[in-house]
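The values are calculated or read from the model by the stated rules, or taken from the named source; none is laboratory data. Keep in mind that this is a model prediction, so the values were computed, not measured. Reconstructed Cβ throughout: ideal geometry from the backbone, glycine too, with neighbour counts over all protein chains shown. Surface accessibility is based on the protein's heavy atoms, side chains included, excluding ligands, DNA and RNA. Shrake-Rupley method; radii C 1.70, N 1.55, O 1.52, S 1.80 Å.
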Amino acid sequence: MDTTFTPNAENLPRHIAIIMDGNGRWAKQRGMLRAFGHESGVKSVRETVEACAKLNIGYLTLYAFSTENWNRPRLEVDALMSILMNSLKKELPTMQKNNIRLNTIGNADMLPDRPKKQLYDVIEQTKTNTGMVLTLALSYGSREELTAAVKEICELIKTGQLDTADINENLIGSHLYTRNMPDADLVIRTSGEQRISNFLLWQAAYAELYFTNVLWPDFREKDLHEALISYQKRERRFGKTSEQLK
Ligand code: IPE
Ligand code: IPE
Ligand code: MG
């Protein structure tokens, strides 16, 4: 571990969410196909997962595939799905070794059968692990998530199981994919883009945002530590004044 960039063991985020971006550009810089960038990003996933587990982070959420990513060329979507399937299989021992529980958010029904089965297999096999919850956002889009929540809530009202007066923030939260997770404390996005791209719109309401130019396949433990050190220098005021927090 690079000790010049070691975050303080206290004041770590409980929930880190990462928009893993820049695989395509990383590959292009090397004259390779985009799929090569996605494959190379798997190593960054492994390092990040292990680094977070080592720091006892409670929740790590990785944006792996958005609802909008279905609009990419068929060949790239297929490559991403097969990389997903192979890595789930390959990373299971690492998850077990680190006591990690796998979880997913998103519309899993959209996934092809084989990766979907592999995903649910690993979720099942890790369900009694008590360490970090690793959530893969797959076919995930915040707007779709919120739309589905509105529909569910309307249905409950229509069938008389819920009163409009009972709608509050907790109730809405309980209809999201993230119902059993705390809000994101820190959202990291790699590759220099500074946007949210339909990720955790509700859950990141008060997250600290961290952007780095590092492309995802180059992202390593020291980059995670840099993000955490930046997080630890910030004052999270949640609308209050600085004096009120003292
Ligand atoms: C992120 O890398 C991975 C996914 C969105 C699946 P990109 O594929 O978006 O890479 P760039 O942004 O084109 O470089
Ligand atoms: C966001 O990255 C989605 C994932 C990282 C899975 P994109 O590369 O798809 O986002 P945009 O299109 O540049 O906003
Ligand atoms: Mg991108």
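Some notes on this structure:
- Filtered residues of the range 1-31 (kept if of a type outside the set (Gly, Ala, Ser), in a loop (DSSP other than H, G, I, E, B) and within 16 Å of ligand 3 (Cβ to nearest atom)): Met20, Asp21
- Those residues of the range 15-37 which are near ligand 2 (Cβ under 10 Å from one of its atoms) and among the basic types (Lys, Arg), in sequence order: Arg25
- Within the range 55-67, being over 16 Å from the mean Cα position of the chain (by Cα) and near ligand 2 (Cβ under 8 Å from one of its atoms) holds for no residue.
- For the range 210-232, the condition holds for at least one residue, the condition being that it is in a loop (DSSP other than H, G, I, E, B) and under 15 Å from Ala17 (Cβ atoms).
- Any chance Thr94 is part of a strand (DSSP E or B), open to solvent by 20 Å² or more (accessible area, probe 1.4 Å), in contact with a helix residue (DSSP H, G or I) (Cβ under 7 Å, 6 or more places away or on another chain) and in contact (Cβ under 8 Å) with a residue 24 or more places away in the chain: no
- With respect to the conditions (1) in a helix (DSSP H, G or I); (2) open to solvent by 30 Å² or more (accessible area, probe 1.4 Å); (3) more than 17 Å from Tyr63 (Cα to Cα), Thr128 lacks only one, and its number is (1).
- Any pair with Cβ under 6 angstrom, 6 or more apart, that starts in the range 198-224 at a residue that is within 26 Å of Ser139 (Cβ to Cβ) and ends at one that is aromatic (Phe, Trp, Tyr) and surrounded by 18 or more Cβ atoms within 10 Å (Cβ to Cβ): Phe199/Tyr63; Leu215/Trp26; Pro217/Trp26
- Residue match in the range 37-58 (condition: more than 27 Å from Leu209 (Cα to Cα) and out of contact with any Asp or Glu (no Cβ under 6 Å at 6 or more places or on another chain)): no
- Of all residues in the range 12-37, those being within 15 Å of Cys52 (Cβ to Cβ) and either at pLDDT below 95 or among the hydrophobic types (A, V, I, L, M, F, W, C) (or both) number 5.
- Close contacts from the range 15-28, counting a first residue that is under 15 Å from Asn213 (Cβ atoms) and a second that is acidic (Asp, Glu) and not in a strand (DSSP E or B), with Cβ to Cβ under 6 Å and a gap of 6+ residues or different chains, come to Asp21/Glu193.
- Restricting attention to the range 104-117, the residues being buried (at least 19 other Cβ atoms within 10 Å of the Cβ) and of a type in the set (S, T, N, Q) number 1.
- Restricting attention to the range 178-191, the residues that are touching a helix residue (DSSP H, G or I) at 6+ places or on another chain (Cβ under 9 Å), part of a loop (DSSP other than H, G, I, E, B) and open to solvent by less than 70 Å² (accessible area, probe 1.4 Å) total 4.
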